[in-house]
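Encoded as structure tokens, the structure appears first; notes follow it.
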Amino acid sequence: MNFTNPLTWIAANANLAFEIIGTLAFAVSGLIEAARKKLDIVGMAMVTGFTAFGGGTLRDILLNRRPFFWVENQFWLWVILAMCAGAMFFMRSRHLEFTERATQWPDALGLGIFAAGGTYIALHSGMPPLVAVLMGVITPVFGGVLRDVVINEIPRAFNDHQPYAALAFVGGWAVVGLDAVQVNQVLTIGLGAIVITGLRLTAMIRGWRLPTWKV
Amino acid sequence: MNFTNPLTWIAANANLAFEIIGTLAFAVSGLIEAARKKLDIVGMAMVTGFTAFGGGTLRDILLNRRPFFWVENQFWLWVILAMCAGAMFFMRSRHLEFTERATQWPDALGLGIFAAGGTYIALHSGMPPLVAVLMGVITPVFGGVLRDVVINEIPRAFNDHQPYAALAFVGGWAVVGLDAVQVNQVLTIGLGAIVITGLRLTAMIRGWRLPTWKV
Amino acid sequence: MNFTNPLTWIAANANLAFEIIGTLAFAVSGLIEAARKKLDIVGMAMVTGFTAFGGGTLRDILLNRRPFFWVENQFWLWVILAMCAGAMFFMRSRHLEFTERATQWPDALGLGIFAAGGTYIALHSGMPPLVAVLMGVITPVFGGVLRDVVINEIPRAFNDHQPYAALAFVGGWAVVGLDAVQVNQVLTIGLGAIVITGLRLTAMIRGWRLPTWKV
């Protein structure tokens with residue numbers, strides 16, 4: 001804890017809180033799809049885990065970074081297992097749609113935090129700007145892509161015409177820009193996350209859609 | 001060969017024999033699904049190879065270990081190719097169901113050996129206990145998961161309500177426990193494998209099922 | 001540029017030109033499938049990118065090589081994005097079949113170049129011959145496999161009974177042979193590519209099919 005700069009302390013802790021909220025929202029989206037497909041407890045735990053950690057893990061494999069988040073923070077794996085066990089007792093199909101709508105909001109936080117953070121990590125692993133921005137897209141998006149591939153659906157991120165990955169792409173350039181003018185880490189990731197989450201919330205409220213192509 | 005301890009020699013050779021039996025059982029399960037989906041010779045070889053080596057390869061990518069088993073033991077790749085060529089001549093659809101039932105037993109050996117071995121390898125790569133146990137689940141299970149993803153099915157391990165991955169998870173903790181009290185490598189993996197294979201055989205004979213959840 | 005040996009200069013530049021042609025052909029095949037599945041612009045860009053770079057990236061992950069082609073040559077990512085944006089404006093369903101047939105020819109060039117190059121790279125990363133040949137198969141083939149897995153189809157390479165991966169396998173042994181007798185790099189890859197592309201063109205013209213198995 002840095003007493004000399006309370007702002008940094010608040011920002012860092014807000015970041016941690018948002019990261020927790022985002023990870024839980026991603027995990028819940030895995031849990032819901034697993035329930036819809038009537039997977040068993042093993043499938044539920046696996047798909048929930050993939051959805052929560054798959055994007056960051058793929059990014060780290062591509063960047064050749066170790067240890068993975070879930071290796072350093074084993075605690076989170078217990079959370080996932082507890083969620084799945086709890087869901088078996090308490091979640092019923094009538095809850096699914098409500099839960100899905102309710103997690104859209106924390107999910108928007110996760111999108112912002114993980115896209116901005118992923119772009120920053122990739123930039124500081126020496127990636128060129130466009131590659132860093134793509135890593136920022138992969139971090140929050142590929143958990144869901146893995147989830148959909150495993151449950152045998154075309155990834156929703158690829159054909160729902162909602163601006164989601166596209167907003168991570170746009171906001172990633174904000175991170176690249178802030179980093180280029182040497183804004184510090186907390187502020188760069190924080191502002192990047194605010195831009196992306198803000199865009200996502202606006203897209204949800206206004207019902208934005210990606211430009212359609214007429215095949 | 002260690003003349004001072006014939007038990008170690010027997011255990012090590014039993015391990016090798018069971019590893020061969022397990023790998024062949026996994027490969028056969030890939031071959032059968034490839035035949036069911038009427039893949040061509042290329043698809044058969046690929047799916048058979050994925051099923052046999054996919055789980056260990058994914059574990060090694062996650063642990064950043066090289067060389068892979070099939071790089072160090074090129075011989076096994078020739079075995080897979082020979083199996084596929086042989087199957088083209090000798091296997092017919094009337095053989096599939098029989099072969100599948102017959103390979104359930106060697107498959108239980110493979111589950112035990114690879115889960116216990118995978119957990120041990122991960123522990124000694126410095127992974128924390130829960131992560132090591134998960135690597136022990138991934139090693140025997142993800143070959144089949146890859147097989148099912150590629151042939152466009154929801155992974156059987158995730159929705160057949162049979163205790164399989166779950167038993168690898170349970171038995172992995174036996175490996176963690178034995179290793180914590182400094183039992184030697186051969187005994188730790190051996191006892192772990194016996195626990196898991198024993199549980200699996202019991203599950204098959206008794207018809208155990210995973211607790212169902214009522215969505 | 002090597003003025004002492006114009007042949008090497010020509011070969012190296014032909015290699016580059018063919019690499020560009022091959023990458024574009026792979027990318028177009030991703031674009032076409034994305035269009036067929038009516039993916040949105042995000043899905044189109046992702047599937048096009050996977051198809052173009054997925055095989056080489058998987059090879060490099062397996063060989064633990066960095067940086068990836070698309071990290072070193074960021075320019076190519078812009079090309080993919082530009083292709084997708086252009087396709088949204090100009091491509092219509094009536095173009096798909098024609099484009100697919102037209103790209104068969106440059107695709108055969110890509111198959112040769114990337115299979116021969118992939119085998120050579122793997123050999124010189126210390127892989128044993130059979131593993132190197134398999135890496136040569138993975139390089140041009142797994143982009144398409146990833147494409148098909150993501151759009152929820154059984155990979156065409158595994159069940160269309162066309163000699164494609166099988167020819168990369170055959171030609172890979174030519175590369176292994178030439179390298180064993182210490183032919184230089186340019187000639188080894190060049191001759192290997194000519195063998196594979198020649199076989200592929202012959203297969204296309206003569207309508208060769210893989211031996212069928214009667215399940």
Study note, to complete from the structure: Within region C:187-207, the residues that are among the aliphatic types (A, V, I, L, M), closer than 14 Å to C:L109 by Cβ and surrounded by fewer than 18 Cβ atoms within 10 Å (Cβ to Cβ) are C:I194, C:L201, C:M204
Review point. If you take the residues of region B:169-186 that are surrounded by fewer than 14 Cβ atoms within 10 Å (Cβ to Cβ) and over 21 Å from A:L81 (Cβ atoms), which of them is nearest to the chain's Cα centre (by Cα)?
Key: B:N184
Exercise for review: Being among the β-branched types (V, I, T) and closer than 24 Å to C:H161 by Cβ is the filter; apply it to region B:80-109 and report the residue that is surrounded by the most Cβ atoms within 10 Å (Cβ to Cβ).
Suggested key: B:I80
Check your understanding: Of all residues in region A:52-71, how many are hydrophobic (A, V, I, L, M, F, W, C), touching a residue at least 24 places away in the same chain (Cβ under 8 Å) and under 21 Å from A:V149 (Cβ atoms)?
Key -> 4
Study note, to complete from the structure: If you go through C:Q104, C:Q74, the only one that is within 8 Å of chain A (Cβ to nearest Cβ), more than 30 Å from B:G54 (Cα to Cα) and of a type in the set (S, T, N, Q) is C:Q74
Exercise for review: Count, please, the residues in region C:1-59 that happen to be in a helix (DSSP H, G or I), more than 16 Å from C:G118 (Cα to Cα) and acidic (D, E).
Suggested key: 1
Practice item. Kindly indicate which of C:L7, C:L24 is surrounded by fewer than 17 Cβ atoms within 10 Å (Cβ to Cβ) and closer than 27 Å to C:L167 by Cβ. Key: C:L7
Practice item. Please specify each residue of region B:83-93 satisfying the condition of being more than 9 Å from chain C (Cβ to nearest Cβ) and over 15 Å from B:I20 (Cα atoms). Key: B:C84, B:A85, B:G86, B:F90
Check your understanding: Only one of A:L187, A:L210 is more than 30 Å from A:L7 (Cα to Cα), at pLDDT below 95 and either in contact with a Pro (Cβ under 8 Å, 6 or more places away or on another chain) or more than 14 Å from chain C (Cβ to nearest Cβ) (or both); which?
Key -> A:L210
**Study point:** Hits in region C:110-162 - residues which are among the polar types (S, T, N, Q) and crowded, with 24+ Cβ neighbours inside 10 Å
**Key:** C:T119, C:T139
Check your understanding: Can you tell which of C:G30, C:G56, C:G43 is at pLDDT 90 or above and out of contact with any Ser or Thr (no Cβ under 8 Å at 6 or more places or on another chain)?
Key -> C:G43
Exercise for review: Could you tell me whether any residue of region A:21-41 is more than 16 Å from the chain's Cα centre (by Cα), facing chain B (nearest Cβ under 10 Å) and free of Cβ contacts under 8 Å to residues at least 24 places away in the same chain?
Suggested key: yes
Review point. If you go through region A:81-132 one residue at a time, how many are polar (S, T, N, Q) and either over 18 Å from the mean Cα position of the chain (by Cα) or not in a helix (DSSP H, G or I) (or both)?
Key: 2
Study note, to complete from the structure: Taking region A:159-184 and keeping only residues that are of a type outside the set (G, A, S), within 30 Å of A:R36 (Cβ to Cβ) and either in a loop (DSSP other than H, G, I, E, B) or at pLDDT 95 or above (or both), one is left with A:D160, A:H161, A:Q162, A:P163, A:Y164, A:L167, A:F169
Check your understanding: Can we say A:F114 is hydrophobic (A, V, I, L, M, F, W, C), within 14 Å of chain C (Cβ to nearest Cβ), under 30 Å from A:D179 (Cα atoms) and in contact (Cβ under 8 Å) with a residue 60 or more places away in the chain?
Key -> no
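The values are calculated or read from the model by the stated rules, or taken from the named source; none is laboratory data. Nothing here was measured: the structure is a model prediction, and the numbers come from that model. Reconstructed Cβ throughout: ideal geometry from the backbone, glycine too, with neighbour counts over all protein chains shown.
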